[in-house]
Structures are given as C-alpha cells and as structure tokens.
1. Take the residues of segment 184-208 that are open to solvent by 30 Å² or more (accessible area, probe 1.4 Å) and hydrophobic (A, V, I, L, M, F, W, C): which is farthest from Y104 (Cα to Cα)?
2. State yes or no: is F464 open to solvent by 30 Å² or more (accessible area, probe 1.4 Å), among the aromatic types (F, W, Y) and either under 26 Å from L369 (Cβ atoms) or within 8 Å of the ligand (Cβ to nearest atom) (or both)?
3. Residue by residue through segment 497-520, note down the ones that are within 16 Å of the ligand (Cβ to nearest atom) and among the small types (G, A, S).
4. Among the strands (runs of 3 or more DSSP E) lying completely within segment 185-300, list those that include at least 3 residues that are farther than 16 Å from V85 by Cα.
5. With respect to Y538, is the statement that it is in contact (Cβ under 8 Å) with a residue 60 or more places away in the chain, near the ligand (Cβ under 7 Å from one of its atoms) and open to solvent by 30 Å² or more (accessible area, probe 1.4 Å) true?
6. Take Q249 and decide whether it is under 23 Å from P98 (Cβ atoms) and either open to solvent by 20 Å² or more (accessible area, probe 1.4 Å) or polar (S, T, N, Q) (or both).
7. From the list A331, A303, exactly one residue is modelled with pLDDT of 75 or more and within 30 Å of W27 (Cα to Cα). Which is it?
8. Just to check your reading of the model, which residue among G319, G313 is modelled with pLDDT under 85 and either surrounded by fewer than 16 Cβ atoms within 10 Å (Cβ to Cβ) or part of a strand (DSSP E or B) (or both)?
Amino acid sequence: MTSRPNSRWLTLMLLLAVLVPSVCLIWFMNQAVRNERLAVRQELMEVYRGNLALAQGRLEAWRAQIVHDAETNNFPAPALFAAAVRAGIADSVICFDPAGKVVYPAPEHAANASPAALALQAQARGLRQAGKKRETIDLIVDSMTQGRLAGAADEQGRLILPSLELMALELTNAPILLKRLQRELNDYDNAMPAPQRRFLMRRLTELFPKQADFFTLAAEDLAARYLETGPEPPREPRLKEASLPGLWQLSSEHGRVLLLFQTETLQARLRQAASRQTLPAAVSLTFIMPGRESGNYLLAMPAGEGFPGWQLGLTLKDGDIFNAAANEQIASYVWVGVLTMAVVVILALLGAGLIRRQAAVAQLRNDLLANVTHELKTPLSSMRLLVDTLLQSNPLHEETARQYLQLIAAENVRLSRLIDNFLTFSRIERKKHAFNFTAVSAGAIAESAAAAVRERFAAAGCQFALQAAPHLPPVVADADAMVTVLLNLLDNAWKYSGDDKQIILSASAENGNVVFAVKDNGIGLSPRETKRIFKRFYQVDQRLARTGCGCGLGLSIVQYIVSAHHGAIRVESEPARGSTFIVTLPAAPEASL
Ligand code: ADP
C-alpha cells in the first residue's frame, strides 16, 4: 500500500539527483565557455596590439627614411624636384632655400633680359603676324643652329629659345622640333622657370596629345596650385594636412624639401610601409585620418609622433574569429560535461535500481511476514476447531472422529507443504538453496509425486491418473526438489478446478528431454495471466489468499527449481477449459549413469 508514494518520492529524488548536478554542470560549462571566449579574445587582442605597434614602428621608419632621403643629394632645386617626383616619393615636391623661400617650382621673377634675344623674338613674331611663314621658320632655325640664344631670357626670366621653338613647331609640326622641345622640357638642369615649363608642357600636350606626355606635369600643376594658396614656410618633418583639400604635406629633415601627397597616394604609401604581411590574415589595417571616427574598429592606436592626429585601426575580416579560436577548447569542455552528465545519469540509474531492489526486498519481507502469519493461521484454526469439536463430543463417535481426524491430517499436509514452500522460498531468496543432483529415474519422480497426492485425490468428485511412459530416460536432478515441483503443480490443479476434477500427471520422453505435464480441467488462465503467474506473490484472484488457498509462491518456486535443473516450464491454458503445466528437463547423458 505504501509503495506508491514511496516510489513517487524516489522518482522525485532521483530526478533531483540528476537535474541539480546537470543544471550546475551546464551553468559551469556556460561560464567556462564564456571565460574561454574572453581569454581567447584577450590573447588575440594582445597579439593584435603587438601587430599594431609593429606597424606603427614601420610607419615611423618609413617617414624617417623619406624625410632624410628627400634632401640628401645636393641637386639644384629643379633637378631635386624632378628626381623626387620621378622616383615616386611623393605626388609633388616643393624646394626651399635655407631662408625658407620657394626655389622650385617658384613663380616667375624679374631677370636680366637679353636685348638681342628679345629683338629676335619680336622679329619672329612680326614675320609670323605678316603671314611670312617660311621666313619666320628660317629665322628661328638659323638662330637655333647658331646657338646664339642659349640661356637668353626675357624680363620675367622666361627662356627665349623654347618659346621660338614652339612658334616654329606650331608652324611646321616637325617631329624633330617636337622631340627637341620635349627634351628641353624634361631637362630640369636648365634654367627654365616653372611657369614657362608648365605652359609649354600643357601647350605641347594640347597640340600633340598622342606624342607629348610629361611625367612631371601633374606634379608641377599640384605644386603651383598649392603655392597659390600661400603656404606658410614648412619646417615640420611630420605629416600634416596641407592647405589644399585632400592634400598632405611632410617636410624634409631640415625643411629644404616639402613633400606633397594626395590622400590616395598617401594611403597607398602608408600601406606599403606598414607591410600587410606582418598582420594575421583575419584582420585588416586602416589608416584613420585626423578627425575621422575610430569607433568601429576592433583596436585603434595613434599612428605615431610623425603622424599627428592619425590613427591605426584594426578591423576584423571574419567576425567569428574569436569563436573559431575558442571553439576547440569549448569542444573539450562540452565533452567533459557530456561525459560527466552521462556518469551522473548512469549512477542515478544504478542507484535507482539499487534502491528499488532494496525497496522490493523490504516489501517482500513485509509480504512474506503477512502471508506466513495468514497462511499458518488458517489451517491451524481449522485444526483447532476440529479438535475442539472432537473433544466436546461425548460420547466420541468413531466414524465422526475418523472423519475429523482425516480432515485434520489434510490440514496438516497443507500446513507442511506451506511451511516447505516458505522454507524453500526463504532459502532461494537468501541464495542458500543447495540441490543434491543425482541421476534419478523420471518415472520414480512422477510416481513419488502421485503417491503423495493419491489418497487426497481419491476423494469424491476427483479423477486422478498417472500416465508415465515406459522406459523413461533418467534425469540428473534433485529428486526431492522435482517432487516438490510436481506436488505444487498437482496442488494447483486441485485448487483451481471445480467440483468435478480431472487431473492427469504424465511423464514422457521427447527429443532427448523428459517432459512432465500436469493437466487439469479447472478454471484456466487468460494469455495475460499466464505471463504473470510465475511472479512471486502473484495471484490471479487476490481473494484466494484470504481464503487460505495459497499465497502466490508455489509457481515462482517451481520455476526456480526447474531453471536450476536447466529445464523449462510453460503453461497451455484457456479460461474455463483447464490448464496444462509442462516441465521439460534434459535427459541425463549416458556418461552420468
Ligand atoms: P498460489 O499459492 O496462489 O496457488 P501459485 O504460485 O502456485 O500460488 O500460483 C499463482 C497463481 O496462478 C494462482 O493464484 C492462480 O491464480 C494461478 N494458477 C496456478 N495454477 C493454476 C491452475 N492449474 N489453473 C488456474 N490457475 C492457476
């Protein structure tokens, strides 16, 4: 009766025993995973910080190198300009004298003009205006070949000869003239002022777009535009925003050269200098200009002293890098967690089994006690009643006395069987039951069992027959135990049959086995019941126990004994049509006889 609430408590406790550690474990694992992610993140951040510091060092080295190199050679200013631009050091260059005055590309300035050259220029212009093309060309070619005009300039310092050459080129389109003029324009050793050079370059590019291409023209233009904004004398070897939008300036060590960079060129140079190979593949480096938002970067740090306001920013290419790095460790945590949980579950199940077994043993003990008391009480009280009746009858009638004594004897037999069963059961439960196996005749076992019941089964309303086949093979068995088996089955056949009982005990040989069968024409069993009747204390009709007709132990004892003999027991039954209990034992091998 108390088993149901107990098992509910047991289930609840087991559930708690599994759930509480599992929940704790999951919580710990969760914490461990989070910590692992944080640790990996921190480790990677340290690495990235180191990478950024390295990039910063490289940038600084690049800057120091170019501010030093920009003025190491002693070229005159135009040659210095051309060399720096052609080497691709910067988009443009402005050269200063020690006093901070622009030397190249300087605006035009007053110069000592050559009167002869000016006169020649005026003559050529006049001839051209008069439409005398031939004469104009002759005059110019003459003066070119005689070399009289070399180095001659007008009042603004502009060289006369290149201007005349352009005039002749415009008139003739002669390739030789184009080549000569191009050579002069690309030659930065001559004294041509920057505005004239720029004008001539642009004019030639207009006239001969396919042939004329001046590498330094863009740098000249940029420098001129910059100078138009009126820059303050640059003296800082640090990267600063120039007075033109999208332009950056960096002065050489002693302020002799000012390097000008457009933003794209500068970014490219910085990238080159910082050399992307030093960075892990998962991140990319960005050079953040002064005043730009640096919030979306994984890490950002100042680009260094030479780059005021600039920042170096790292962005993640793959947002999952931290997880990926942490996953390996996390996987091991998960495995440990899963294993621990599996162990907890297994232990809980084992514990549950153990507890259930203990509970079953306790239950069994209770049931046994209750049954023993009950079973013993019924025959004892009926015997006492019979004895009392006998004692009170005066005079003692012999016939009645014999009848009563027979009843008392029957009760006695029942009582003995009950006690035998209890003792056997108890020994079985304590695993103390010892069998005495010997080769015995199967017929003798059947005969002993039949003899034990014959007298009782000879009563009115009962037909009993023993059908033992001749020449039965012997079996290796504990004869007493096997007789107990058959007696239990015969007893049941008697108990569970009506008033007109027909009971047959048979013994036969079959396929190397000996088969004992107890057949009755009693109440029979449903298929569901036949599966359960071998369980301890199982009774199809619980009321039987109360009427003193058994306690559900007989068949479990029978099954135990049969199994110990390496045999099998089965039942063929149908409700209201009787049952046949069939015990099969292996016949004894020849050698054991
Ligand atoms: P019990 O002491 O109750 O007879 P058993 O273990 O011998 O205990 O039998 C268990 C139950 O199996 C019985 O209570 C009965 O319901 C059923 N049973 C056993 N033998 C027969 C039979 N020959 N015919 C019908 N029912 C039977």
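1. L207
2. For F464, the condition - open to solvent by 30 Å² or more (accessible area, probe 1.4 Å), among the aromatic types (F, W, Y) and either under 26 Å from L369 (Cβ atoms) or within 8 Å of the ligand (Cβ to nearest atom) (or both) - is not met.
3. S497, G498, S506, A517
4. Counting at least 3 such residues, we get 283-288.
5. Judged against the criteria, Y538 is not a match.
6. yes
7. Residue meeting the stated conditions: A331.
8. G319
The values are calculated or read from the model by the stated rules, or taken from the named source; none is laboratory data. Nothing here was measured: the structure is a model prediction, and the numbers come from that model. Cβ sites come from the backbone with ideal geometry, for glycine too, and all protein chains shown count toward neighbours. Side chains included, ligands, DNA and RNA excluded: accessible areas come from the protein's heavy atoms. Shrake-Rupley method; radii C 1.70, N 1.55, O 1.52, S 1.80 Å.
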